[in-house]
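Accompanying notes for the structure given below.
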Amino acid sequence: MGTTSVPRAPSGAPDWPGWPSEAAQRYRDAGLWRDEVFGDLPARQASERPRATALVDGDRRWTYAELEADVEALHRSLHRLGLRRGDRVIVQLPNRAEFVLLWFALQRLGAVPVHALPGHRRHEIAHLARTTEAVAYVIPDRYARFDYRPLAADLGAGHPSLRHTIVVGDPGDHTGFLPYETLSAAQAPAVAPPEPPVAPGDLALLLLSGGTTGTPKLIPRTHQDYAYNARAAAEVCRLDADSVYLAVLPIAFNFTMSCPGVLGTLQAGGTVVLSPSPNPGTALELIERERVTVTAVNPPLVPYWLREFEDAPRDLSSLAVLQVGAARLADSLARRIGPTLGCRLQQVFGMAEGLLNLTALDDPDDVVCTTQGRPVSPHDEVLVLGGDGQAVPDGDVGELLTRGPYTLRGYYRSPELARTHFTEDGYYRTGDLVRRLPTGHLSVVGRVKEQINRGGEKIDATEVEEHLLAHPGIESAAVVAAPHAELGECSVAFVVCAGPAPGTREVTSFLRERGLAAYKAPDRVEAVARMPLTPVGKTDKNALRELARREDGRA
Ligand code: OOB
C-alpha cells in the first residue's frame, strides 16, 4: 500500500505519514476530500457574494470582496519578504482580524501556519521553532498585559531558521516589521502563483496537541482533510450564508478554527465575528449587537455566561446554538443552558488530532445533556477497547481509538511516536476513556493518558515534571489532576525535597522564568517525604490523585 505524496525532510524521511492510498481514494470517491485549497476560498466567496460581510473585529468590518483584496495584498507583501511555498510560519495572534487575513495569505503562498496559542511562552515557542524550522514568527505587540516583542527578540538568536519577526501593531525597535496598515494591492508588486501549485493533499497547517509526552506534538493537517473537518461540522450545525459565528476561545484552537468555527462559517459564506476576550459581558454584548447565531465556549465559561445573562439580560434571540466542548461538561450544568439562554446546546468532543463528535441539533434533550456527541463523518472508524485490547460491549468503558478522513496517521517529524500512539493498522489511540451508547453517542468518562484538562487547557504532566526537576531544591516530582469546582480539574504537583520545599508561589515564578506558559504552573504544590510507588516501582499516580483529592478536602 502506497501513501499520498508528502514533502520530505532534507534527510529523505517524510515529515509526516499520509493516509494509505486506498483510504485516500475512498475519501475522494465519497466526495469528502475535494479538489480545493484554502488559498482560493476568499476569491471564490468574493465572486459569489462580494458585498456580504465576512469578518467583524470591533469597529472594523470586511465584506468578502474586501477580505479578498486584503488577503491578496498581504500575500504579495509576504512574498516580497521572501516567504515561499512550504515555509513554516509560527503564528501567535489573538482573536484579531489580522489572524484571518494572514492565515489565508499564507495559504495562498503555500506556506504553513503553525498555530501557537497566545498563552505560549519562550519554552513552547522555541520548541515549535526548532521542530518546524520556521522562517517567520508572527506576534501581536502586546496582548493580555504581555509584551511579545522581547519574547521574539529573545528567541531570534538561537534559531537560525527564523528570518523574520512580524509584529501586528507597534513594532517598537523590531526590524522585521510588516506594516499591515500601509498594505495595499497597489503598492505590492504582482507575484506569480506558487510553482508547483498548492495541492489539496499538501500540508496546510500545523496544530498543537495537548500532549502526553515531554513536549507539545505537532499535528499535520492537509487542505483536503481540514476543509472536510470544517464542512462536516458545519453540516451538523446547519451553517449557511446567514450564519454569524462568534469566535470567543482562541482562534488558533482547532475548536474555534474549524469545528465548524471560522473556516466552517467562511466556507458557508457566513459572517465571522471576533471577540477580543472570552469575558461574558463582552461576548454577550457582541451576540446582541451582531445578531450572532452560533458560538463556542469551554465548560468553565458556562457558569459565568449564565450568571452574566441573569444579572444583565441581553437580547440573545438570534443565538440558535451554543457549542460547549474541550473538557467534560457536567450534566447538571448542561441542563441549565437551554432554559436560561434560550438556545440549543451542542456538546463538542474533539481533538486537534482529528476525530470530532457533536450532538445533533435534533437529538433528544437527554442525549444532548449527557453525551458528548457522535462522530461527524460516516467514514470515522471508532473502536472502544478494554484493557485486554478487545472491543468492549456498548455501554462499557474502554479506550477510544479512531481513524478516518480527517484524523492524522502520525505526528509531524515524530516517527518515534508511531508505536505508542497508533496501532499498526493506523488507528490513533486517543487516551480517552469513553462509553459508547447503542446510538453511537460517546460519553467521556476519563483518560488513560497523563494529561490534566484544566477547563479545556491541556497540561502534559511529564512536561511540567521535567521543569520541576530543574529546580535545585526538588529531588523528584509528579503532577496529577485534582477535581476543581470551576475548572473541572486543576493540577497538583507532589515534590520530594532534601531541604525546605518551595511553595506554590516560588514554583510558579520559577516556571515562569524558565519560559513555561503560565497555565501549566501547578495550582498547588505539596511536599511529600517519598513518592508512593506501584508494585513495579513506578510512581503511583492513582495514589497521588487520591492524596490530592484528600488534601483538597482538608484545605
Ligand atoms: C479539543 O482539542 P485538544 O486537542 O485541545 O484536546 C483534546 C482532548 C480530548 O482527547 C479529550 O481528552 C478532551 O480534550 N476533550 C474532552 C471534550 N472535548 C475535548 N473531554 C471531555 N468532554 C469533551 N467535550 O479540546 C477540541 C478540539 C476540537 C473541538 C473541541 C475540542
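So that you can scan it fast, the table gives a plain yes or no per residue for (1) assigned to a helix (DSSP H, G or I); (2) polar (S, T, N, Q):
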position	(1), (2)
462	yes, yes
471	no, no
490	no, no
510	yes, no
543	yes, no
* When you look at residue 35, is it at pLDDT 95 or above, outside the structural domain of residue 154 (by TED's automatic domain parsing) and under 15 Å from residue 262 (Cβ atoms), yes or no? -> no
* Are any of the residues in the stretch 231-253 in contact with a Phe, Trp or Tyr (Cβ under 9 Å, 6 or more places away or on another chain), in contact (Cβ under 8 Å) with a residue 40 or more places away in the chain and polar (S, T, N, Q)? -> no
* What about residue 430, is it at pLDDT 95 or above, part of a loop (DSSP other than H, G, I, E, B), within 12 Å of the ligand (Cβ to nearest atom) and crowded, with 21+ Cβ neighbours inside 10 Å? -> no
* Within the stretch 334-349, track down each residue that is in contact with a helix residue (DSSP H, G or I) (Cβ under 6 Å, 6 or more places away or on another chain) and within 12 Å of the ligand (Cβ to nearest atom). => 334, 345
* Structure fact -> Residue set 482, 478, 470; condition small (Gly, Ala, Ser), in contact with a Phe, Trp or Tyr (Cβ under 6 Å, 6 or more places away or on another chain) and away from the ligand (no atom under 16 Å from the Cβ); output residue 478
* Do we have any residue at all in the stretch 406-420 that's within 15 Å of the ligand (Cβ to nearest atom), in a strand (DSSP E or B) and either surrounded by fewer than 17 Cβ atoms within 10 Å (Cβ to Cβ) or modelled with pLDDT of 95 or more (or both)? -> no
* Structure fact -> Selection over the stretch 442-460 where residues are touching an Asp or Glu at 6+ places or on another chain (Cβ under 8 Å), at pLDDT 90 or above and not in a strand (DSSP E or B) yields a count of 1
* Structure fact -> Here the residues within the stretch 162-174 that are touching a residue at least 24 places away in the same chain (Cβ under 8 Å) and assigned to a loop (DSSP other than H, G, I, E, B) are 162, 163, 169, 170, 171, 172, 174
* Residue match in the stretch 38-60 (condition: over 21 Å from residue 112 (Cβ atoms) and in the same structural domain as residue 122 (by TED's automatic domain parsing)) -> no
* To do: With the checklist (1) over 27 Å from the mean Cα position of the chain (by Cα); (2) at pLDDT below 70 in hand, flag the one item residue 190 doesn't pass.
  => (2)
* the stretch 319-333, residues that are away from the ligand (no atom under 15 Å from the Cβ) and buried (at least 20 other Cβ atoms within 10 Å of the Cβ) -> 319
* What is the residue count in the stretch 227-277 for residues that are within 16 Å of the ligand (Cβ to nearest atom) and part of a helix (DSSP H, G or I)? -> 21
* Asked: Of all residues in the stretch 278-302, how many are away from the ligand (no atom under 16 Å from the Cβ) and either in contact (Cβ under 8 Å) with a residue 60 or more places away in the chain or part of a helix (DSSP H, G or I) (or both)?
  -> 11
* Would you list the helices (runs of 4 or more DSSP H) that sit entirely within the stretch 51-161 and hold 3 or more residues that are within 23 Å of residue 219 (Cα to Cα)? => 97-109, 122-132
* To do: Look at residue 492 and say whether it is under 17 Å from residue 473 (Cα atoms), modelled with pLDDT of 95 or more and crowded, with 19+ Cβ neighbours inside 10 Å.
  => no
* Filter result for the condition that a residue is on the phi > 0 side of the Ramachandran plot and more than 16 Å from the ligand (Cβ to nearest atom), over 387, 395 -> 395
* To do: Working only within the stretch 1-32, note down all residues that are touching a helix residue (DSSP H, G or I) at 6+ places or on another chain (Cβ under 6 Å) and modelled with pLDDT of 95 or more.
  => 32
* Residues of the stretch 319-351 satisfying the condition of being under 29 Å from residue 400 (Cα atoms) and without any contact (Cβ under 8 Å) to a residue 24 or more places away in the chain -> 332
* Inspect all residues belonging to the stretch 310-318 and state whether any of them is within 16 Å of the ligand (Cβ to nearest atom), surrounded by fewer than 20 Cβ atoms within 10 Å (Cβ to Cβ) and in contact (Cβ under 8 Å) with a residue 40 or more places away in the chain. => no
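The values are calculated or read from the model by the stated rules, or taken from the named source; none is laboratory data. As the structure is a prediction and not an experimental result, all values here were calculated from the model. Note that each Cβ is placed from the backbone with ideal geometry, even for glycine, and that neighbours are counted across all protein chains shown.
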